Amino acid sequence: MLYLVGTPIGNMGDMSSRGIEILSSVDVIACEDTRRTGLLLQHFGIEGKLFSYHEHNKAAKGPVLVNMMKEGADVALVSDAGMPSINDPGEDLVKLCIENELEVTAVPGPVAAITALVLSGLDTTKFHYEGFLPSAGSDRRKRIEALKAFNETVIIYEAPHRLMKLIDELMEAGFAQNKAAFCRELTKKYEEVLRGSVEEAKKHFEQIPPKGEFVICLECKGEVEKKEVVDPDELIKELASQGLPTKKIASEVAAVTGLSKKELYERALRLLK
Ligand code: SAM
């Protein structure tokens, strides 16, 4: 039988007693990082047989685990943090077990996405879990564009070194005034939730550079209103008369109108020559 066991996302106090019981009793604990899970087991005084199972060996190791279970072994799967299968390995092993008619159960634990959602102050009745966006390129741009169609809270995982880039991209796509919650270091000593518009978050993180693990909850209300009521040409001229450089003008006008920064840059060059 396979047990999907949730582990803490920062605070050891969040490990459930059933999780400890299962990890103490199974024959094998499959985990992403044996050193990291070793520390978890040590913390709770659990002696377990660890088996490495991660993104890069799962195709080969999944069938090995399935064979163990077919021979009667109980296997627990844990990830480095949170619930296995949620932006972590697990899904493929669950599918393999189902195909092989092996029983699967879950011992639920914390999930960063849900922890952030309930703290966000945004709509919790309908939400979309996006996880990590593609790290760069047109795939990333397309996903951000696709968020405009959502009419619910969108939950995004992002690395701290890409957070400012994400904020700029969201603003460029027209989300500058959308409400958001930037949730950092959840359940840990320096837990913080910054609530406000995306634009306000930008100002905050320009002062205090982002550090630690982040989940972003973004209020999405269907197609982002393209605020064409503001005439972009008029605004470009007005900002130019204030002496702003063309690049800055393009980003300011993009934030207000929801139009593309690149297009506006070219438009400003044409208008102001
Ligand atoms: N399986 C995990 C779960 O159940 O949420 C997700 C693992 S995913 C590889 C790691 C990402 O989750 C981090 O980059 C961050 O976006 C988010 N995350 C995990 N722990 C977090 C925490 N304590 N505070 C904020 N975000 C966290």
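Within the range 123-144, take every residue that is among the hydrophobic types (A, V, I, L, M, F, W, C) and either surrounded by fewer than 13 Cβ atoms within 10 Å (Cβ to Cβ) or within 16 Å of the ligand (Cβ to nearest atom) (or both) and give me the one that is farthest from D168 (Cα to Cα).
Ranking the qualifying residues of the range 123-144, first place goes to F127.
Quick one: which of L147, L170, L163, L194 is within 13 Å of the chain's Cα centre (by Cα), at pLDDT 95 or above and among the aliphatic types (A, V, I, L, M)?
Numbers: L147 fails: within 13 Å of the chain's Cα centre (by Cα); L170 fails: within 13 Å of the chain's Cα centre (by Cα); L194 fails: within 13 Å of the chain's Cα centre (by Cα).
After ruling out the rest, the residue left standing is L163.
Does M69 satisfy the criteria of being touching a residue at least 12 places away in the same chain (Cβ under 8 Å) and surrounded by fewer than 16 Cβ atoms within 10 Å (Cβ to Cβ)?
Numbers: touching a residue at least 12 places away in the same chain (Cβ under 8 Å): yes; surrounded by fewer than 16 Cβ atoms within 10 Å (Cβ to Cβ): no.
Criteria not met by M69.
Among (1) surrounded by 15 or more Cβ atoms within 10 Å (Cβ to Cβ); (2) touching a residue at least 60 places away in the same chain (Cβ under 8 Å); (3) within 16 Å of the ligand (Cβ to nearest atom); (4) closer than 27 Å to S79 by Cα, there is one condition R195 misses while meeting the rest; what is its number?
Going through (1) surrounded by 15 or more Cβ atoms within 10 Å (Cβ to Cβ); (2) touching a residue at least 60 places away in the same chain (Cβ under 8 Å); (3) within 16 Å of the ligand (Cβ to nearest atom); (4) closer than 27 Å to S79 by Cα one by one, R195 breaks only (4).
Take the residues in the range 222-249 that are surrounded by 15 or more Cβ atoms within 10 Å (Cβ to Cβ) and part of a loop (DSSP other than H, G, I, E, B); name whichever of them is modelled with the highest pLDDT.
My answer is L244.
Only one of these is touching a Lys or Arg at 6+ places or on another chain (Cβ under 7 Å), charged (D, E, K, R) and surrounded by 14 or more Cβ atoms within 10 Å (Cβ to Cβ): E219, E252. Name it.
On the way: E252 fails: touching a Lys or Arg at 6+ places or on another chain (Cβ under 7 Å).
So the residue among E219, E252 that is touching a Lys or Arg at 6+ places or on another chain (Cβ under 7 Å), charged (D, E, K, R) and surrounded by 14 or more Cβ atoms within 10 Å (Cβ to Cβ) is E219.
Can you name the residue in the range 173-191 that is open to solvent by 20 Å² or more (accessible area, probe 1.4 Å) and either among the β-branched types (V, I, T) or closer than 18 Å to S260 by Cα (or both) and is also farthest from the chain's Cα centre (by Cα) among such residues? I'd like the intermediate steps shown before the answer.
Keep residues of the range 173-191 that are open to solvent by 20 Å² or more (accessible area, probe 1.4 Å), which gives 177-179, 184-185, 187-191.
Those left that are additionally either among the β-branched types (V, I, T) or closer than 18 Å to S260 by Cα (or both): 177-178, 187.
Working: Q177: 20, N178: 18, T187: 16 Å.
Top of the filtered list is Q177.
Which count do you get for residues in the range 181-191 that are within 12 Å of L218 (Cα to Cα) and without any contact (Cβ under 8 Å) to a residue 60 or more places away in the chain?
Going through the range 181-191 one residue at a time, the tally reaches 1.
Take the residues of the range 83-118 that are assigned to a helix (DSSP H, G or I) and open to solvent by less than 40 Å² (accessible area, probe 1.4 Å): which is farthest from the ligand (Cβ to nearest atom)?
The initial filter retains those residues of the range 83-118 that are assigned to a helix (DSSP H, G or I), namely 91-99, 112-118.
Going one step further and asking which of them are open to solvent by less than 40 Å² (accessible area, probe 1.4 Å), we end up with 93-94, 97, 112-113, 115-117.
Values: L93: 14, V94: 14, C97: 19, A112: 3, A113: 6, T115: 7, A116: 7, L117: 11 Å.
Here the answer is C97.
Report yes if some residue within the range 16-24 is in contact (Cβ under 8 Å) with a residue 40 or more places away in the chain, in contact with an Asp or Glu (Cβ under 8 Å, 6 or more places away or on another chain) and assigned to a helix (DSSP H, G or I); otherwise report no. Talk me through it step by step, then tell me what you get.
Let us first name the residues in the range 16-24 that are in contact (Cβ under 8 Å) with a residue 40 or more places away in the chain, namely 16, 18-19, 22-23.
Right, trim to in contact with an Asp or Glu (Cβ under 8 Å, 6 or more places away or on another chain) and you get none.
Checked against the condition, which is being in contact (Cβ under 8 Å) with a residue 40 or more places away in the chain, in contact with an Asp or Glu (Cβ under 8 Å, 6 or more places away or on another chain) and assigned to a helix (DSSP H, G or I), the range 16-24 yields no hits at all.
The values are calculated or read from the model by the stated rules, or taken from the named source; none is laboratory data. Not measured: the values here are computed from a predicted model. Please note: Cβ atoms are built from the backbone with ideal geometry, for glycine as well, and neighbour counts cover all protein chains shown. Note: accessible area is taken over every heavy atom of the protein model, side chains too, but ligands, DNA and RNA are not part of it. Shrake-Rupley method; radii C 1.70, N 1.55, O 1.52, S 1.80 Å.
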